[in-house]
Amino acid sequence: MSFRVQAQQVIPLYAGSIPNSRTDTAVHEISTTDAHGIVRVSGVTRPTLTAYLPDPAKATGTAVIICPGGGYAILAIQHEGYDVAETLRRWGIAAFVLKYRLPDDRIMINKSIGPLQDAQRAIQLVREHAAEWHINPHQIGIMGFSAGGHLAAMAGTRFQTAYIDNPRQLSLRPDFMILCYPVISMTDSLTHIGSREHLLGQHPTEQQIRAFSAEMQVTAQTPPAFIMQSTADPGVKVGNSVAMYIALHAHGIPVEMHLYEKGPHGFGMHNPDTPDQWMVRLRNWMISNGWLPRSEAQPEVF
């Protein structure tokens, strides 16, 4: 594909056939909005990227691919996707919301790798078009919420194996990871059981558990990370974040983690139980690592 995109344009992830897919006419994409304004998308069969591109004059060269959460059953695509992308765009970041396929035996030959294929393709696609989208190909990060955090962590730890065609041998490694109240581990003691069952089935093997536990896949080549969660999270055990932090630190990978005393699961950019703005902390981390210029350091209410 060769094209220029405008802000908030939807881009098909694959130009031709979708890898690892099968057709089932019973599966249809559905989008619903509840009374609280939470948008949930399910039944994704044709994955896309929605681009939020800054004015080229304000572009920092940094890009972030955003993976909404939803337990690998749905995508909370508004408050963990589009809203976040709009904020990043205001910072001068090219943000891309990944509407990835949810693991489903009806539409996938191997459902365990389907979401990871889409994440790898998103990184590949952004790198392919970096020049025309005013992006530095060495400043492409991935961000994920909840199960989307697991997907982002998988992209950051399993990049040495290409699960998609990669004829140009482009790097599939994200340059940094932003993991927000993430599912990290598939182990019995830490996992979010719904995410694991959707991804690996009810009876995963020990080999599958290890392969899809991000904390067990960290190496010296894993990219730097920012991790954020509430210790009171009732949905995903905070031990997931802690295990990833320990693994990254043990391998000498730069990592910053912010754990809040209070807060629910799935709050997106706004933890209702603290006046602290974790997005400000994220921006400061990005500035300290050179992904945003120092001029962006002024505090902002989101």
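The values are calculated or read from the model by the stated rules, or taken from the named source; none is laboratory data. Please read these numbers as outputs of a predicted model, since none were measured by experiment. Using ideal geometry, Cβ is built from the backbone for each residue, glycine included, and neighbour counts are taken over all protein chains shown.
Counting only residues that are under 11 Å from residue 93 (Cα atoms), surrounded by fewer than 24 Cβ atoms within 10 Å (Cβ to Cβ) and touching a helix residue (DSSP H, G or I) at 6+ places or on another chain (Cβ under 9 Å), how many does region 134-157 have?
1
Starting from region 258-278, take each residue that is in contact (Cβ under 8 Å) with a residue 40 or more places away in the chain and among the acidic types (Asp, Glu) and list its partners that are surrounded by 13 or more Cβ atoms within 10 Å (Cβ to Cβ) and not in a loop (DSSP other than H, G, I, E, B), counting only C-beta distances under 6 angstrom and pairs at least six apart or across chains.
Between residues of region 258-278 that are in contact (Cβ under 8 Å) with a residue 40 or more places away in the chain and among the acidic types (Asp, Glu) and residues that are surrounded by 13 or more Cβ atoms within 10 Å (Cβ to Cβ) and not in a loop (DSSP other than H, G, I, E, B), there is no close pair.
Which one of 188, 165, 105 is over 17 Å from residue 80 (Cα atoms) and in contact (Cβ under 8 Å) with a residue 60 or more places away in the chain?
Details: 188 fails: in contact (Cβ under 8 Å) with a residue 60 or more places away in the chain; 105 fails: in contact (Cβ under 8 Å) with a residue 60 or more places away in the chain.
Residue meeting the stated conditions: 165.
Could you check how many residues of region 168-212 are of a type in the set (A, V, I, L, M, F, W, C), assigned to a loop (DSSP other than H, G, I, E, B) and more than 19 Å from residue 114 (Cα to Cα)?
Our first condition is that a residue be of a type in the set (A, V, I, L, M, F, W, C); within region 168-212, this holds for 170, 172, 176-180, 183-184, 186, 190, 193, 199-200, 209, 211-212.
From the residues that got through so far, the ones that are assigned to a loop (DSSP other than H, G, I, E, B) too are 170, 172, 183-184, 186, 190, 212.
Okay, now just the ones that are also more than 19 Å from residue 114 (Cα to Cα), so 170, 190.
Final tally of qualifying residues: 2.
Pull up region 191-210, narrow it to residues that are buried (at least 18 other Cβ atoms within 10 Å of the Cβ) and among the aliphatic types (A, V, I, L, M), then point me to the one that is farthest from the chain's Cα centre (by Cα).
The residue in question is 200.
Answer yes if at least one residue in region 241-261 is within 18 Å of the chain's Cα centre (by Cα) and exposed (fewer than 15 other Cβ atoms within 10 Å of the Cβ), and no otherwise.
Checked region 241-261: no residue is within 18 Å of the chain's Cα centre (by Cα) and exposed (fewer than 15 other Cβ atoms within 10 Å of the Cβ).
Assess whether residue 43 counts as being within 20 Å of residue 197 (Cβ to Cβ), touching a His at 6+ places or on another chain (Cβ under 8 Å) and crowded, with 18+ Cβ neighbours inside 10 Å.
So residue 43 fails the test.
Of these, 62, 45, which one is of a type in the set (Val, Ile, Thr) and over 25 Å from residue 88 (Cα atoms)?
Unique residue meeting the criteria: 45.
Got a sec? Which of 226, 267 is part of a strand (DSSP E or B), of a type outside the set (S, T, N, Q) and buried (at least 17 other Cβ atoms within 10 Å of the Cβ)?
One residue alone meets the criteria, 226.
Which of the residues spanning region 1-21 are loosely packed, with under 13 Cβ neighbours inside 10 Å and modelled with pLDDT of 90 or more?
10, 15, 17
Each row is one residue, and each column tells you yes or no for (1) free of Cβ contacts under 8 Å to residues at least 24 places away in the same chain; (2) of a type in the set (S, T, N, Q).
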residue	(1), (2)
203	yes, no
209	yes, no
213	no, yes
226	no, no
249	yes, no
